[in-house]
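Throughout, read-outs are computed from the coordinates displayed, never taken from laboratory work. Keep in mind it's a predicted model, so treat the numbers as computed, not measured. Neighbour counts are summed over all protein chains in view; Cβ atoms, including those assigned to glycine, are modelled from backbone coordinates with ideal geometry.
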């Protein structure tokens, strides 16, 4: 059935309710995650290692905790590709308050679905699979044995409570409250939200107003800071504008010492009269913290207003307020940091202490002053008290313990804080494996022996947890659960014998990396390393394996593109596969034949950059097209890999172009107009005569600065043209002239996909201006990889996957809509009109810069986008959220694997760490910097790493002057877009700071791997490369993106410097923004890189 949709009505179509009950995916879904103000919600991330902590669901509309189906019978029109593999997802293991159960959770920052399972309860067994969409799991509570389990989750703005009766996978009660408390603890049959409100000290009085007639003071001009080498024990200088740069300085620790006097200054001072006796030092002024409690029911409903408890204290530093809270016999025990006005030593930041006490809830909510006890004290630093870290409260219904670490890696310290104060000295194995047993009245020798045996297994509750962290196992009664090399293990407290346990998140999956369908109906896809072919009759079969060709230069050669086996970047990669004769070719870094056998085209090695080139097939020869330096260069390639240059023309289009085979021979090419960044043009290439025809302007419009378009060939000639988001579609004839256009309805399957994107209910029909309604594509769990294509027999074909719960099965789809194929043909192929004078291609000199770089006045080249780091030999992308140095990576994992749950409010604590491929951990990696559109750029880079990564890519760090010149564009303006600052035009000077959101203090925790995943009001603070199209510096028909904001970029300076500002830096200096207060070995979440090279220097690339 074909529905004709008018432009004025299509956008008003109501989304149809094709809601999947529950489906799964792993990291890699590009769909945004909703979140409220100051919402610590993660950016989508790349799919990859099946050992990822995350999993996803295919149903955007399904409620959290909904039932999860198992694999069902295959739907009509679907062909399974290969047998799925049995895999298990690595969980984190969370203790459940009460000690009778544990909760397994699978989720990483960026995953839209959290999976959870409980072990324990009255059955002392594994419970059903639970699912939470667009929420992070914070904690879980249970009452008496067999009582319902309440799981607390966060969506970044709301706190949600879901209560599950034992053995049920749907909640009996569920509700959400908009709140951001420090903690939530059970008190009887309800929950207490603990709030810590800061009463800020009064602001200093403002200066008196100027007298009338006084000349107005000129605005202070922001200038680059002078370079200065770091001085031992001297804090880094703050930027002229303060803000986020001050946070960086604070993160380094220490205080700013006064500069030493020069000899001249000393002599001058000696001649002066004796100074007056210095005034007595004023006592420090602190912000007061007032603690209140508000109760919420298990159904998630507030019970009255917040109640002041009477507990107040002076916080020693921003972010240092409450440490932990827990319920005990209907009361609430707390620990907190408080100021110590009297200095214990001469430490520059002064002193502080940890205190503890109890809030009674009966007969009224009130703090018990007699319960207030000092726990420990010492010198203040930015994380609390120097030499003490990792504090948390543990205990039983009768007493509470403060458990922490001293030093690093750290010895265990335990203080009983309630009902009385006492210092305990536990055995190391007790503290690390079962610290809760210290509250049970002692541990026997036999139990200690069992715990020591468990400790010998090198247990972890979560990936990256350090061995010195208290609580390396979670307990369900007398059974300990932990991970050993990523596998779930259980042991008894009686004998400590470790036994592998069934994984809580087992799944069947067949991963599809990429696939493509030709207009003749044939197609090819890569599934779990094997090639599967789809023939014209609509049946699929395994073709064979795929082995990547050896690279020229050997194992140490640099690859600027992902390996040919790497999965497609959903929504970003345009067609990378083309059928030439009976062979299939891929253009990804190199141009390689993948079937029937692997053959490389050596003369095109390194030219297939994903943003600037495309390969179109043909009956005997295909056409490889690339845009670089204002030229459009074309090459013909046959089945055997023989390449011949067709020539070059001045390019009518920019980077982000696409091309498909033309029925009349050659190719149809489309892209954003080189002369107008808001218009899209299309034209035809004739490979037989080495001609290009004039470009035709289409009605498709894009925002200035957007680049990507998509083409899909029609079987009878012509093509479908759309923007990257598939918001509108234009029908082109075989001469690339527009025939019709229509809006593209967004209704889809709602699937959150492991591979690909959710299938769309409507597909442009071969009939110009008409949309075909395809219910099979909107069926629950349907995902599409690559483009959907019409075949000559009237069928609609695609590759993709079907997701159900944790499972995902690769498949091909072949459906035949109920309309006549003969009546669905596009406009017939017509010869070019006499007015269309072909343009002869010429042999032109190589452009001065590689395709991924922009020529700056012909003098030097600079990366078009901020860089990501890849493994140089393979092209495999490294995680952009972690540093690349193995020792520092381990240090960060040890700090944040469980430490993230002890900082900030409940929303910050709930956010898990981003996915980290296991192959990246502990490996010494040869890194290269690669510029790509639409990816999260790599942060956490030192200047030394940035320098070596550019060198590995055959480039170099940019000089400050080069970065500034490129930023100012051809018009030489203060900002990429002009001379006047425009709020929001570049991703800089954001009101929100990720460390303030996650930690409550913008000055601490700058190596937290989650920082660049924080979202505010549903939008990421750090944006994908090129996602701020207004922030582009124009050079001819090309542009450089994000030279102001997004990430700071290291420049070539022997003392260390980075420029441009990052998203939360308080600067309006534009292209002149530069920081020189950090040496080259400095790094934090905001430091990235882009590279330069001399013009004309091996312009094709490494």
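Normalised radius of gyration for the range 448-521, please: alpha carbon Rg relative to 2.2 N^0.38 Å, two decimal places. Don't jump to the answer; show the numbers that get you there.
Working: Rg = 19.3 Å, N = 74, 2.2 N^0.38 = 11.3 Å.
After normalising by residue count via 2.2 N^0.38 Å, the value is 1.71.
Can you sort 734, 1048, 895 from fewest to most other Cβ atoms within 10 Å of each residue's own Cβ?
Ordered by Cβ neighbours within 10 Å, fewest first: 895, 734, 1048.
Determine, for 809, 87, the number of other Cβ atoms within 10 Å of each Cβ, and report the residues in order from fewest to most. Walk me through the numbers on the way to the answer.
Numbers: 809 25, 87 18.
Ranking 809, 87 by Cβ neighbours within 10 Å, fewest first, gives 87, 809.
To the nearest µm²/s, what D does Stokes-Einstein give for the range 958-1023 at 10 °C and 1.306 mPa s, using the Kirkwood radius over alpha carbon pairs as Rh? Mind dumping the intermediate values first?
Numbers: Rh = 14.1 Å.
The estimated diffusion coefficient comes to 112 µm²/s.
Please quote Rg/Rh for the range 942-986 to two decimal places, taking the Kirkwood radius as Rh and restricting both calculations to Cα atoms. Write out the running numbers ahead of the final one.
On the way: Rg = 14.0 Å, Rh = 12.3 Å.
Ratio of gyration radius to Kirkwood radius: 1.14.
Once all Cα-Cα distances of the range 853-1094 are split into 5 Å bins that start at 0, what whole-number percent is in each one?
The calculated distribution, bin by bin, is 1, 7, 15, 19, 20, 17, 12, 6, 3, 1, 0.
Sorted by average packing, counted as other Cβ atoms within 10 angstrom per residue and highest first, what order do 665-674, 301-310, 1073-1082 take?
Numbers: 665-674: 25.7, 301-310: 14.1, 1073-1082: 21.8.
Descending packing order for the listed peptides: 665-674, 1073-1082, 301-310.
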